[in-house]
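Written out below as structure tokens is the structure these notes cover.
The values are calculated or read from the model by the stated rules, or taken from the named source; none is laboratory data. Since the model is a prediction, treat every value here as computed from it, not as a measurement. So basically every Cβ, Gly included, is an ideal-geometry build from the backbone, and we count neighbours across all protein chains shown.
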């Protein structure tokens, strides 16, 4: 499953939001999109996912133009984990995760044994089995985020897009999510991650795309792209990213000394 996004442009309410955003992603790779607030990261991945209308450019999944792929087929190609999903009243976690199988189960069909197994596996991998029979409305923000991830995994799509999936998670859950994302890529999925945490992005990603002002300004391995010069230019901070021989990452920031 190859994803190709070229010169992606998006206008919202007559205002240009993206003007020249590019990336490529292959199966078995994890790509992280990073950038400051307002850079256009979420708009970019929504356009890639087929959820945001393009004003120009192209997005192709395995050679197919995203604008010509029907919703049901698109759901079989890619799963999308939003920042904040809907919380329908009265719905149990297990029922919500079953929705992820909708692209595979026809309107008059009953779920198969494989469908049921995929729902259970998705809940197990995302860490929601312990509260599978609770209502969504009783969950914390972090728990809801993991449920959304379970729904995406249940789709059994070859590509997964996650928009800030660790935003509401504590440190332990964030580490678990990082391991899951990296593991999915290692298993052969194409994984696209939007992240604010540069240390996290550097730890898990094969490739980083830096967004600034509605366009992609740099693409490459994390250690090359997230250098002090680019951190200063894009984020306006005096900082350096360090990756140790043991794989640990750290972002060293001059908190009380900015760049003018």
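Within the option set 60, 9, being farther than 25 Å from residue 221 by Cβ, free of Cβ contacts under 8 Å to residues at least 60 places away in the same chain and in a strand (DSSP E or B) holds for one residue only, 9. No other residue among 162, 130 is buried (at least 22 other Cβ atoms within 10 Å of the Cβ) and not in a loop (DSSP other than H, G, I, E, B) apart from 162. Scan segment 74-82 and tell me whether some residue there is under 19 Å from the mean Cα position of the chain (by Cα), closer than 24 Å to residue 230 by Cβ and either surrounded by fewer than 16 Cβ atoms within 10 Å (Cβ to Cβ) or modelled with pLDDT of 95 or more (or both). No, there is no match, as no residue in segment 74-82 is under 19 Å from the mean Cα position of the chain (by Cα), closer than 24 Å to residue 230 by Cβ and either surrounded by fewer than 16 Cβ atoms within 10 Å (Cβ to Cβ) or modelled with pLDDT of 95 or more (or both).
Considering segment 234-247, the residues that are loosely packed, with under 15 Cβ neighbours inside 10 Å and farther than 14 Å from residue 197 by Cα include one that is nearest to the chain's Cα centre (by Cα), namely 247. Within the set 67, 72, 78, the sole residue that is touching a strand residue (DSSP E or B) at 6+ places or on another chain (Cβ under 8 Å) and touching a residue at least 24 places away in the same chain (Cβ under 8 Å) turns out to be 78.
Within segment 85-95, restricting attention to residues that are in contact with a helix residue (DSSP H, G or I) (Cβ under 6 Å, 6 or more places away or on another chain) and within 18 Å of residue 163 (Cβ to Cβ), the residue that is modelled with the lowest pLDDT is 85. Against the criterion of being more than 21 Å from residue 81 (Cβ to Cβ) and out of contact with any strand residue (DSSP E or B) (no Cβ under 6 Å at 6 or more places or on another chain), residue 224 qualifies. Could you check, for segment 231-250, whether at least one of its residues is assigned to a helix (DSSP H, G or I), over 24 Å from residue 9 (Cα atoms) and either touching a strand residue (DSSP E or B) at 6+ places or on another chain (Cβ under 9 Å) or at pLDDT below 90 (or both)? Yes, the conditions are met somewhere in segment 231-250. Please state which one of 51, 23 is surrounded by fewer than 20 Cβ atoms within 10 Å (Cβ to Cβ) and either touching a residue at least 24 places away in the same chain (Cβ under 8 Å) or not in a loop (DSSP other than H, G, I, E, B) (or both). The unique qualifying residue is 51. Looking only at residues in segment 141-172 that are in contact with a helix residue (DSSP H, G or I) (Cβ under 7 Å, 6 or more places away or on another chain) and without any contact (Cβ under 8 Å) to a residue 40 or more places away in the chain, the one that is farthest from residue 111 (Cα to Cα) is 170.
Pairing residues of segment 120-140 that are closer than 18 Å to residue 156 by Cβ with residues that are in a loop (DSSP other than H, G, I, E, B), at Cβ distances under 8 Å and at least 6 apart in sequence or on separate chains, gives 123/132. On the basis of being part of a helix (DSSP H, G or I), farther than 13 Å from residue 31 by Cα and in contact (Cβ under 8 Å) with a residue 40 or more places away in the chain, does residue 175 make the cut? Here the answer is no, as residue 175 does not meet what is asked.
Could you list, in sequence order, all residues of segment 243-257 that are touching a residue at least 12 places away in the same chain (Cβ under 8 Å) and closer than 19 Å to residue 232 by Cα? Of everything in segment 243-257, those that are touching a residue at least 12 places away in the same chain (Cβ under 8 Å) and closer than 19 Å to residue 232 by Cα turn out to be 243, 249, 250, 251, 252, 253, 254, 257. Hey, any hits in segment 204-217 for a residue that's farther than 30 Å from residue 127 by Cα, in contact (Cβ under 8 Å) with a residue 24 or more places away in the chain, touching a helix residue (DSSP H, G or I) at 6+ places or on another chain (Cβ under 7 Å) and surrounded by fewer than 20 Cβ atoms within 10 Å (Cβ to Cβ)? Checking segment 204-217: at least one residue is farther than 30 Å from residue 127 by Cα, in contact (Cβ under 8 Å) with a residue 24 or more places away in the chain, touching a helix residue (DSSP H, G or I) at 6+ places or on another chain (Cβ under 7 Å) and surrounded by fewer than 20 Cβ atoms within 10 Å (Cβ to Cβ).
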